[in-house]
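J.: This structure is in structure tokens; I'll ask about it shortly.
The values are calculated or read from the model by the stated rules, or taken from the named source; none is laboratory data. Every value quoted in this text rests on a predicted model; they were computed, and no experiment measured them. A quick note on method: Cβ atoms are made from the backbone with ideal geometry, for glycine too, and the neighbour counts reach across all protein chains shown.
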Amino acid sequence: MLFKKKVKPDAELSDEDLVAELQRAMDADRFGVLYDRYTTKVYQKCVGMTRDKELANDLTHDIFLKAFMNLSKFDHRSKFGTWLYSITYNYCMDHLRKGQRRRTTELDEERYEEADVQEDRYEQELLSLRADRLTSVLEALEPGDRATLLMKYQDELSVKEMMEVLGVSESAVKMRAMRARERALAMYHELYREEP
């Protein structure tokens, strides 16, 4: 053979190619490339959800360990980043649920399927809030609402990606987003009632 096929260094491989290689043969250095690509994003998500940097460090470590242990289950139907985001979201929410007893409410999905017009109004109002006040509002929200709003507006996940992360239907994603916006606006008005 005159020319030998060059093998791409791991750092040049796409996430999906790296995962495929790891599924063939686990290799800590190769996984380290994925870790380097995503550790900051995962850590920032954990901080955003827990509001505790030290805890976020621990959770980030646990999440990557969980991802490494479950890499064989990654089926390549979604992007690796979406799959890892799903693990991150679910792991943080599980941790928050264990750490605090909070009431959960069953939401009536059908009731909100026809709420698109109202949803647009809430979205426009939410996006018009002052950024410095929005941070305070997000901190005051329940972790689930905060995570939903961060997924939609900070991470700019599509409804389909949110469906994958949350493991719910399209109408449930839209309903959760609308309810989170409603609660954020209510919190804003509660916190800044008398201020312009």
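J.: Given the structure, is Met49 under 30 Å from Ser136 (Cβ atoms) and touching a residue at least 60 places away in the same chain (Cβ under 8 Å)? Let's see the steps before the verdict.
T.: On the way: under 30 Å from Ser136 (Cβ atoms): yes; touching a residue at least 60 places away in the same chain (Cβ under 8 Å): yes.
For Met49, the condition - under 30 Å from Ser136 (Cβ atoms) and touching a residue at least 60 places away in the same chain (Cβ under 8 Å) - is met.
J.: Please specify each residue of the range 172-196 satisfying the condition of being assigned to a helix (DSSP H, G or I) and exposed (fewer than 15 other Cβ atoms within 10 Å of the Cβ). Steps first, answer last, please.
T.: Kept after step one, since they are assigned to a helix (DSSP H, G or I), are these residues of the range 172-196: 172-191.
Selection gives Ala186, His189, Glu190, Leu191.
J.: Among (1) farther than 19 Å from Ala56 by Cα; (2) modelled with pLDDT of 60 or more; (3) more than 15 Å from the chain's Cα centre (by Cα), there is one condition Tyr153 misses while meeting the rest; what is its number?
T.: (3)
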